[in-house]
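What follows is a short report on a single structure.
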Amino acid sequence: GSSSACAISHAVYSRGKKLPLSSEELPVNVKVFIEGAEETGGQAAVEWLAEDDEPTDAAIVFDSDMLDENTPALTLGTRGIVMFDVQVRTAMQDLHSGMYGGSVLNALHVVNQMLAAVLPGPDGRLPEPLRAGIVPPTKEELQAWAKLPPGDDAIAEVGGRPLHDRAGAEYYERNWGDSSVDVHGIAGGDAVQVRTQVPSFAQAKVSIRLAPGQTVAAAGGAMRRLLEDAAPPGAEVKIEVVSKGEPSLFSPELPAIRLAAEAMEEACGVRPALIRVGGSLPVLSVFADRGIPAIVSGFALPVDGVHGPNESFRLESLRLGLASARALYKRLASLPRG
C-alpha cells in the first residue's frame, strides 16, 4: 500500500460470526495494536508505543462517541488523568467517641478535610493551582460548540443534576477544555452498624482530569501538595498515584484528519462534528509526541451505558462503524508517506 496506519480497535462479531471489513484487499498497510489494561491504569501499552520506532502515517482509534444517533464525530482532544489513593491513619485502633471524641483525630474527618482542599467551589471551578497551564479553546472551537445540542439536555439525558447554575450553558467548555476533580470512593469506620467509634483509618480514591496544556507532573504535583497541606499535624498520610495519562489535542487541519472527515461523511451521509471528549485515552499523547496524527472516532451513544453493567451497542452503530472503516482505509491510501 501507499501508506501505513496503526489501528487500535476491537474485533467485531454479530451472532457469533465475524463480520468481514471488506472482500477486497486493503489499500494500506495496517498494524493492529490491542491492549487490555487501560481501565486498570496499566502503562505497558503507552511504554511500548513510546519505544516503537516503525514509521507510521496515522493512527486510528475507534474508542469514542457519536454526537447523536445520526451524526458521527471526530474527537480532536481528550483530557488526561491522575488518580490518587489517599490513606490516613490517626491512631493505633478505633477509639470510643464518648471517651475520646473531640480530643483525638478522626481519620474520616481528616480525609474529608483533605479532599475539601481540591474540590470545586460553588461555581464549579477548581482551585487555581489545579487549573494552571490550561490552553483555552480557540474562538473557532467555542463557536462550533455553541451549535451543539444544549448542555442541559446532555446532563438531563443521563439523569444527572447540575453542579452549578452554569453547568449546562458551559457544559462543553468545562468538560472538554477545563480540569475537574472527582472523589470516587471513601472507606472508613462503619456506616451500617450503630457503633460509637472514632475511626482510626480511612481511605479515598480521587482523581483530577487534566485539560489540554496541562501535564501529569505539574497538575498531579499541585494536587498532591494541596492534599498534603490540608492534613492536620499528627495524621499519618500516604498518597500514591494509581493511574495516570497525559491529555492530547490534534489540529483539524492535519491531512489525515481531513481525509477522515471526508470518509465518515461518505459512509454516514452526514459531515462529522469536530469535538473533544472529557475522558482520557493515554495512548493519544504518545502519538502526539511522535508526530503521528490520531483519527479518533467511535459510535457509542449515552444510552449505551458505557462502563456500566448493562452496556450495549445498537446494530445501526455497528453498520456505521464498518462503513466508516472501509471508507477511511480507502481515503488514507492517498495520504503522502511520512
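State whether one or more residues within the range 45-53 are modelled with pLDDT of 90 or more and either more than 20 Å from Pro247 (Cα to Cα) or open to solvent by 20 Å² or more (accessible area, probe 1.4 Å) (or both). Before the answer, list the steps.
Let us first name the residues in the range 45-53 that are modelled with pLDDT of 90 or more, namely none.
The answer is no, given that none of the residues of the range 45-53 is modelled with pLDDT of 90 or more and either more than 20 Å from Pro247 (Cα to Cα) or open to solvent by 20 Å² or more (accessible area, probe 1.4 Å) (or both).
Here are the criteria: (1) more than 20 Å from Ser334 (Cα to Cα); (2) modelled with pLDDT of 90 or more; (3) among the β-branched types (Val, Ile, Thr). Tell me which single one Val306 does not satisfy.
(2)
Tell me, yes or no, whether the range 138-145 has at least one residue that is small (Gly, Ala, Ser) and modelled with pLDDT under 95.
First, pick out the residues of the range 138-145 that are small (Gly, Ala, Ser): 144.
Subsequent filtering for residues that are modelled with pLDDT under 95 retains 144.
Checking the range 138-145: at least one residue is small (Gly, Ala, Ser) and modelled with pLDDT under 95.
To keep it simple, each residue is scored yes or no on (1) in a loop (DSSP other than H, G, I, E, B); (2) surrounded by fewer than 20 Cβ atoms within 10 Å (Cβ to Cβ).
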{"site": "Arg161", "(1), (2)": "yes, yes"}
{"site": "Asp165", "(1), (2)": "yes, yes"}
{"site": "Gly168", "(1), (2)": "yes, yes"}
{"site": "Tyr172", "(1), (2)": "no, no"}
{"site": "Trp176", "(1), (2)": "no, no"}
{"site": "His184", "(1), (2)": "no, yes"}
{"site": "Asp190", "(1), (2)": "yes, yes"}
{"site": "Gln193", "(1), (2)": "yes, yes"}
{"site": "Ala204", "(1), (2)": "no, no"}
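Of Ala235, Ala260, Ala294, Ala300, which residue is in contact with a strand residue (DSSP E or B) (Cβ under 7 Å, 6 or more places away or on another chain) and closer than 22 Å to Gln214 by Cβ?
On the way: Ala235 fails: closer than 22 Å to Gln214 by Cβ; Ala260 fails: closer than 22 Å to Gln214 by Cβ; Ala300 fails: closer than 22 Å to Gln214 by Cβ.
Criteria check complete, one pass: Ala294.
Looking at the range 66-82, can you tell me whether even one residue there is in contact (Cβ under 8 Å) with a residue 24 or more places away in the chain, over 22 Å from Leu249 (Cβ atoms) and β-branched (Val, Ile, Thr)? Can you show your working first?
Residues of the range 66-82 that are in contact (Cβ under 8 Å) with a residue 24 or more places away in the chain, as a first pass: 66-82.
Cutting the leftovers down to over 22 Å from Leu249 (Cβ atoms) gives us 68-70.
In the following step, the residues that additionally are β-branched (Val, Ile, Thr) were identified as none.
No, there is no match, as no residue in the range 66-82 is in contact (Cβ under 8 Å) with a residue 24 or more places away in the chain, over 22 Å from Leu249 (Cβ atoms) and β-branched (Val, Ile, Thr).
Determine whether the range 314-325 contains at least one residue that is in contact with a Lys or Arg (Cβ under 9 Å, 6 or more places away or on another chain), within 27 Å of Ala144 (Cα to Cα) and surrounded by fewer than 21 Cβ atoms within 10 Å (Cβ to Cβ).
Just the residues of the range 314-325 that are in contact with a Lys or Arg (Cβ under 9 Å, 6 or more places away or on another chain), to begin with: none.
No, the range 314-325 contains no residue that is in contact with a Lys or Arg (Cβ under 9 Å, 6 or more places away or on another chain), within 27 Å of Ala144 (Cα to Cα) and surrounded by fewer than 21 Cβ atoms within 10 Å (Cβ to Cβ).
Would it be correct to say that Val303 is surrounded by fewer than 16 Cβ atoms within 10 Å (Cβ to Cβ) and β-branched (Val, Ile, Thr)?
On the way: surrounded by fewer than 16 Cβ atoms within 10 Å (Cβ to Cβ): yes; β-branched (Val, Ile, Thr): yes.
Answer is yes for this residue.
Step by step: first the residues of the range 106-141, then only those that are in contact with a strand residue (DSSP E or B) (Cβ under 9 Å, 6 or more places away or on another chain) and open to solvent by 60 Å² or more (accessible area, probe 1.4 Å), then the one that is farthest from Val206 (Cα to Cα). Which residue is that?
Per the criteria, the residue is Val135.
Show the residue pairs that are 6+ apart or on different chains and have beta-carbon atoms under 6 Å apart, the first residue being within the range 194-218 and farther than 18 Å from Pro120 by Cα, the second being of a type in the set (Lys, Arg).
Phe201/Arg89; Val216/Lys244
For the range 206-253: of the residues being under 20 Å from Leu76 (Cβ atoms) and of a type in the set (Asp, Glu), which is surrounded by the fewest Cβ atoms within 10 Å (Cβ to Cβ)?
Of everything passing the filter in the range 206-253, Glu253 is surrounded by the fewest Cβ atoms within 10 Å (Cβ to Cβ).
The values are calculated or read from the model by the stated rules, or taken from the named source; none is laboratory data. What you see is a predicted model, and the numbers here were worked out from it, not measured in a lab. No Cβ is skipped: glycine too gets one built from the backbone with ideal geometry, and neighbour counts run over all protein chains shown. With ligands, DNA and RNA removed, areas are computed over all heavy atoms of the protein, side chains included. Shrake-Rupley method; radii C 1.70, N 1.55, O 1.52, S 1.80 Å.
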